[in-house]
1. Any idea of the accessible area per residue across region 91-177, 1.4 Å probe, to the nearest Å²?
2. Mind running the shape call on region 274-363? Use the C-alpha gyration tensor, a ≥ b ≥ c as the square roots of the eigenvalues: rounded below 1.5 for a/c, prolate if a/b tops b/c, oblate otherwise.
3. Length gain on complete extension for the stretch residue 298 to residue 157, per 0.36 nm per residue less the alpha carbon to alpha carbon distance?
4. Could you order peptides 395-408, 287-300 by the average number of other Cβ atoms within 10 Å of their residues, highest first?
5. Compute the separation of the alpha-carbon centres of region 401-434 and region 252-322 and state it in Å as a whole number.
6. How big is region 132-276 by the Kirkwood estimate over distinct Cα pairs, in Å?
7. Is the shape of region 371-435 best called rounded, prolate or oblate, per the rule: a/c under 1.5 gives rounded, else a/b larger than b/c gives prolate, else oblate, with a ≥ b ≥ c the square roots of the Cα gyration tensor eigenvalues?
8. What whole number of Å gives the distance from the Cα centroid of region 87-154 to the Cα centroid of region 202-237?
Amino acid sequence: LIISHLSLLLGIIIVYSTAIPVSNVMSSSVISMKGTEKSSTWMLAAFVSGTALGYALCQFRASSFPFNKDNNKKTAESHLWKLVEYSLSSTMIRVADRLDLFEHLYQLGPITSQNLAEKMGFSERWLRELLLQLAASGVCHYDAFHRTFSIQPEYATFLRDPSKEKKSIVAIFQFLSALVPRGDAVVQAVQTGKGIDYDFPSPEDVGTALDRKNGNFFRHILVDDVLTKIKIPATGESLYRKLEEGTTVADIGCGFGTSTVALALRFPKSQFYAYESSPKALQAIEENIKAANVSNVTVCNVEQRTLGDGPDLNDPSSRFGFVYAHDVLHDMLNPKELIKDVKKRLASDGCWFIVDIDCSEKVEENLRLPNAPMLYAFSCLLCLSMATSESHGEGLGTCGFPPKLAEMWMRKAGFQYFEQRKIPALPYNACYLVA
């Protein structure tokens, strides 16, 4: 700040000393209307030259004088404490979510901790402490005069239960809670190179958390905001119309089958094949199919029936009209094999839509992403772990399937069409249309 002010003053002196002769300064003619009219021009020039000089001086200082090591240490320490704070606050948000606290605050707030405890049947002392932590973290508001708590309006949309609010992201905190116990496995993986699979036991199930996190996208966004905008490359036909009229669809790595069931309900004339390897997920798919009462879904355990076998086991020439893969290729042990299978079984007038992670093949560019810490943590705790859970695993990880690599593998497998798309509802993902 001092350098900037001094530079501005110096700029004024320089401009006036060079633009106005000294003899004229002593003359009364300088202090005239003409000089007044030009003053704004002189000030602008002074500002520009002063700013440029100030910038140069700042650069010189930065290159000539080392950063204060004590301040650097304090900054590092503060940063680490802030990470601890965020981690603990994330845990408390998950606690509040499990107690359905955000929904109650949304419906009943502002409310005292005593009244809220009575309505929810909880311990007032414990509830008050949790509410104070949420207020301290900025998620809730505490009114000191009335001693009431309420959820901040701008947070309510994102912290209510996903079944009641389509834009909710509260399930991500459930997902984090499910990932944390996998930390011990990361220690072993770093030492041995071998990760753990999707079904690693945890107090909070990863599959359940993922299904809750992605459910609203599959139910409310996938068809209307994504599939309706896709034209099949070979024919220019609307994919939506093709699905309405009836085709065969493969849903790869579909988790609990929420995406498959949502599509099957929307397109009853099409036949859907849900591919999964996780025993927990396979059981959940069957349960979801039964609950939705759909008859156009076939569950495929990839240990017994792969996509390469086609939709009709009795017809070697059978093909899929549409293939969908959501956030799965970078997790797979052998994604290249899957790509070959899709090429083999995709109809000439069909297409494949892939949702994966928006990343770069350059590590330095990935590190500059605002969500880089989250992406690499997800990779260690889940994605890379799954991709190396067997010795032959490809080991891509969360940031391991960037667009250039994806296109190279697709074209090498024989696909002629590759288009990258960006979906507003998926800000951290890259999407590819392949045919």
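The values are calculated or read from the model by the stated rules, or taken from the named source; none is laboratory data. Bear in mind that the values here come from a model prediction, so they are computed numbers and not experimental data. When we count neighbours, we look across all protein chains shown, and the Cβ atoms used for this are built from the backbone with ideal geometry, even at glycine. Protein only, heavy atoms only, side chains kept; ligands, DNA and RNA dropped before computing areas. Shrake-Rupley method; radii C 1.70, N 1.55, O 1.52, S 1.80 Å.
1. 55
2. Taking the square roots of the gyration eigenvalues as a ≥ b ≥ c, region 274-363 is oblate.
3. 47.2 nm
4. Taking the mean over residues of other Cβ atoms within 10 Å, the ranking is 395-408, 287-300.
5. Using only Cα atoms, the two centres lie 23 Å from each other.
6. 18.6
7. oblate
8. Using only Cα atoms to place each centre, the spacing works out to 32 Å.
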